[in-house]
Amino acid sequence: MNAQQPILVKTDQAHLEIDVEYAKAVLERFSNPWHRYLLTLYLDATAEALQNSIATPPAMTGARCDFGRGGGARELTPDEIRQFQICGYVKLAGILSDQQVDALRGAAAAAVESLQASPNSYNVTTAADALWNAAASIDTGGSTQHDLPALARAIAQSDLPRLLDEARPDQTRGNFLLDTGVWRRVPGLAAFALASQLPRLSAELLNIASVRFFDDQIFIKEAGAIDRVAFHQDLTYFHLDGTAGCVFWIPLDPVRSGSGRMGYVPGSHLWGKLFKPNIFASRLPFPGSDGLDMPNIDVDPAAHGVEYIDVEPGDVLVHHLLTVHGSEGNQGGAPRRAISLRYIDAAMRYRGRPGAPPQPMHRADAKDGDPLDEAIHPVVWPPAPSRRSVS
Ligand SMILES: O=C(O)CCC(=O)C(=O)O
């Protein structure tokens, strides 16, 4: 192979021209073979020459991704971009293809099957049942992200209530399951997070030149999981300096009133305020956390102008890292599955926030001002300058 020359790759659709030097330079930044493999997908690197230079990790064998770099069901409209910038959130109706929704449902199923393997997974329902029952012993399920005994002490000293919607008499209670950093064990989610159109949409919504994938969370509210998520702002959980970031909340089921809708406070990303992170099951802040106390929005969301949004699979809700939001419980008889993917300005650096829960994706020895770890937070936009050639 002549490394100076772009290589022409015959794909099903067309010839694809890849700047090999650029692609190799990008690959060099990724020391983890998983990420190198994923990046080959991101680069559309079907070139034999490139693939031969990359060791495919055994766990990834056969994992492929057909999302297409930067491609997707449709483009953003100017109104959607304006709504995101003015309101701090927007519903992108029908932005994902059926194929993408199916792939994400598969990823969510794989995540739930392997939940026990994650040090960051929690059954919020059973954990909260124990935390609000001082006599109960707390089963961490092997997860280490949160200091549950410290939360139990804070709850015992507070009169803030646990947030639950009313259970329907005909519906048995279900569990609210949560996990963080799923992309690192579920290849289908990694491929989507790194290689779908979402990195490009982030650049357009935030009006930034380069985008880093920050992390993911899955939020599964089983049928009858009536746990609400207290109103909060994502940035103050994340140990980041800077504010330019957005969260794509991707429903995998239809969501209506009573089945776990997301609700947003319009314009709250422009308030210029940082609120203490709370424990989700209640407005109670994490002990020792910095920031202002969140207004008591949960007691009367309508009085605070909260907009709750109905969605279908294929729709995506996007909010700014500073937008105040929360969710309703799922009183219904079907699960409400959602995946949340977070993208930030590639220039943002680490900044520790006292009291905020440690995030699994930050290095334990990270110091304020450190750049983010490229292997854990890859730059996903702009892509390598490959371009279609005349076939
Ligand atoms: O899915 C939910 O219920 C809450 C999600 C959320 O708060 C988020 O994605 O930031």
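Things worth noting here:
The rows are residues; the columns are (1) among the basic types (Lys, Arg); (2) within 20 Å of Ile86 (Cα to Cα).
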{"residue": "Asp215", "(1), (2)": "no, no"}
{"residue": "Arg228", "(1), (2)": "yes, no"}
{"residue": "Phe231", "(1), (2)": "no, yes"}
{"residue": "Phe238", "(1), (2)": "no, no"}
{"residue": "Cys246", "(1), (2)": "no, yes"}
{"residue": "Ile250", "(1), (2)": "no, no"}
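Okay, residues lined up against (1) outside any loop (DSSP other than H, G, I, E, B); (2) of a type in the set (D, E, K, R); (3) surrounded by 16 or more Cβ atoms within 10 Å (Cβ to Cβ):
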| residue | (1), (2), (3) |
| --- | --- |
| Pro119 | no, no, no |
| Asp129 | yes, yes, yes |
| Ala150 | yes, no, no |
| Ile155 | yes, no, yes |
| Asp170 | no, yes, no |
| Gly174 | no, no, yes |
| Leu178 | yes, no, yes |
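- Filter pass, Arg200 being in a strand (DSSP E or B) and more than 11 Å from the ligand (Cβ to nearest atom): no
- Looking only at residues of segment 234-250 that are within 11 Å of the ligand (Cβ to nearest atom) and β-branched (Val, Ile, Thr), we find that the one that is nearest to the chain's Cα centre (by Cα) is Val247.
- When residues of segment 250-302 are limited to those that are of a type in the set (Val, Ile, Thr) and either buried (at least 24 other Cβ atoms within 10 Å of the Cβ) or in contact (Cβ under 8 Å) with a residue 40 or more places away in the chain (or both), the one nearest to Pro354 (Cα to Cα): Ile279
- Matching residues in segment 322-349 - criterion: being closer than 30 Å to Ala154 by Cβ, buried (at least 19 other Cβ atoms within 10 Å of the Cβ) and more than 16 Å from the ligand (Cβ to nearest atom): Met348
- Applying the condition of being within 12 Å of the ligand (Cβ to nearest atom), aliphatic (A, V, I, L, M) and assigned to a loop (DSSP other than H, G, I, E, B) to segment 251-286 and asking which residue is nearest to Leu235 (Cα to Cα) yields Ala281.
- No other residue among Tyr264, Tyr237 is hydroxyl-bearing (Ser, Thr, Tyr) and in contact with a His (Cβ under 7 Å, 6 or more places away or on another chain) apart from Tyr264.
- Long-range neighbours under 7 Å by Cβ, at least six apart or interchain, first residue closer than 13 Å to Cys246 by Cβ and part of a strand (DSSP E or B) within segment 334-356, second modelled with pLDDT of 95 or more and polar (S, T, N, Q): Ser340/Gln217; Tyr343/Ser202
- Test: Asp293 is away from the ligand (no atom under 16 Å from the Cβ), under 24 Å from Leu131 (Cβ atoms) and more than 21 Å from the chain's Cα centre (by Cα): yes
- When Asp298 is tested against (1) part of a loop (DSSP other than H, G, I, E, B); (2) of a type in the set (Asp, Glu); (3) at pLDDT 95 or above, just one condition goes unmet, and that condition is (3).
- Counting residues in segment 237-249 that are within 20 Å of Gly94 (Cα to Cα), touching a residue at least 40 places away in the same chain (Cβ under 8 Å), in contact with a Lys or Arg (Cβ under 9 Å, 6 or more places away or on another chain) and β-branched (Val, Ile, Thr) gives one or more.
The values are calculated or read from the model by the stated rules, or taken from the named source; none is laboratory data. In this text the structure is predicted, and so the values were computed from the model without any measurement. Because the Cβ atoms are built from the backbone with ideal geometry, glycine has one as well, and the counts that use them run over all protein chains shown.
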